[in-house]
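For reference, the structure discussed in these notes is given below.
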Amino acid sequence: DRMGMRLDGPRLTHTRGFNITSDGTAPGAIQVPGDGFPIVLMADRQTTGGYPKIGCVISSDLATVARLRPGNTIRFELASLEKAATARIDLENWFAKLPSSIESFTPSGIIDTTALNTENLISGVVGPDDSIEPHT
């Protein structure tokens, strides 16, 4: 969900236990609760957490993680601060160019709103005055 993405795989263990003093969380932080299965914290995450954090998904990859479906495979790799910053700049540049790539839509013809309002555009939907007898 929007709070976090629980990862499945080998259970992680910790020699000192999983409960630590609560501290702040960041989008993409990977925390490991007591059951040993990591959780990637997403947009609606809690503001603090009392589980160990073992890493953080870089901000430019967080939307990609959010689109994963159950059963998809995820692989993490170490990213330097420079690589993360470059990836963020590349993503910001892509978003900056996006508006200029959108073409305006011009309808070809006249839209007859009266016809649209009187036609049953969704099969199987009936109004209160419609007959419920099957058509023969």
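The values are calculated or read from the model by the stated rules, or taken from the named source; none is laboratory data. Nothing here was measured: the structure is a model prediction, and the numbers come from that model. Cβ sites come from the backbone with ideal geometry, for glycine too, and all protein chains shown count toward neighbours.
Could you please let me know if VAL40 is among the aliphatic types (A, V, I, L, M) and under 25 Å from GLU82 (Cβ atoms)?
Yes.
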Legend entry - Contacts under 9 angstrom Cβ, first residue in region 13-35 being on the phi > 0 side of the Ramachandran plot, partner among the aliphatic types (A, V, I, L, M), 6 or more apart: GLY28/VAL40; GLY28/LEU41; GLY28/MET42; GLY28/VAL57; GLY28/ILE58; GLY28/LEU62; GLY28/VAL65
Legend entry - Selected residue (criterion: farthest from LEU68 (Cα to Cα)) from residues of region 1-40 that are basic (Lys, Arg) and assigned to a loop (DSSP other than H, G, I, E, B): ARG16
Legend entry - Filtered residue count, region 45-70, keeping only those that are of a type in the set (Val, Ile, Thr) and over 16 Å from ARG6 (Cβ atoms): 4
Inset, instruction - Quick one: which residue in THR25, THR73 is exposed (fewer than 15 other Cβ atoms within 10 Å of the Cβ) and not basic (Lys, Arg)? - result: THR73
Legend entry - Given (1) under 25 Å from ASP90 (Cα atoms); (2) surrounded by 15 or more Cβ atoms within 10 Å (Cβ to Cβ), number of the condition ALA63 does not satisfy: (2)
Inset, instruction - Kindly establish whether ARG88 is at pLDDT 90 or above and either out of contact with any Ser or Thr (no Cβ under 7 Å at 6 or more places or on another chain) or of a type in the set (Phe, Trp, Tyr) (or both). - result: no
Legend entry - Single residue of region 1-20 satisfying the filter (touching a Pro at 6+ places or on another chain (Cβ under 7 Å) and modelled with pLDDT of 90 or more) that is nearest to GLY50 (Cα to Cα): LEU12
Inset, instruction - Could you please give the count of residues in region 95-120 that are of a type outside the set (Ser, Thr, Tyr) and assigned to a loop (DSSP other than H, G, I, E, B)? - result: 10
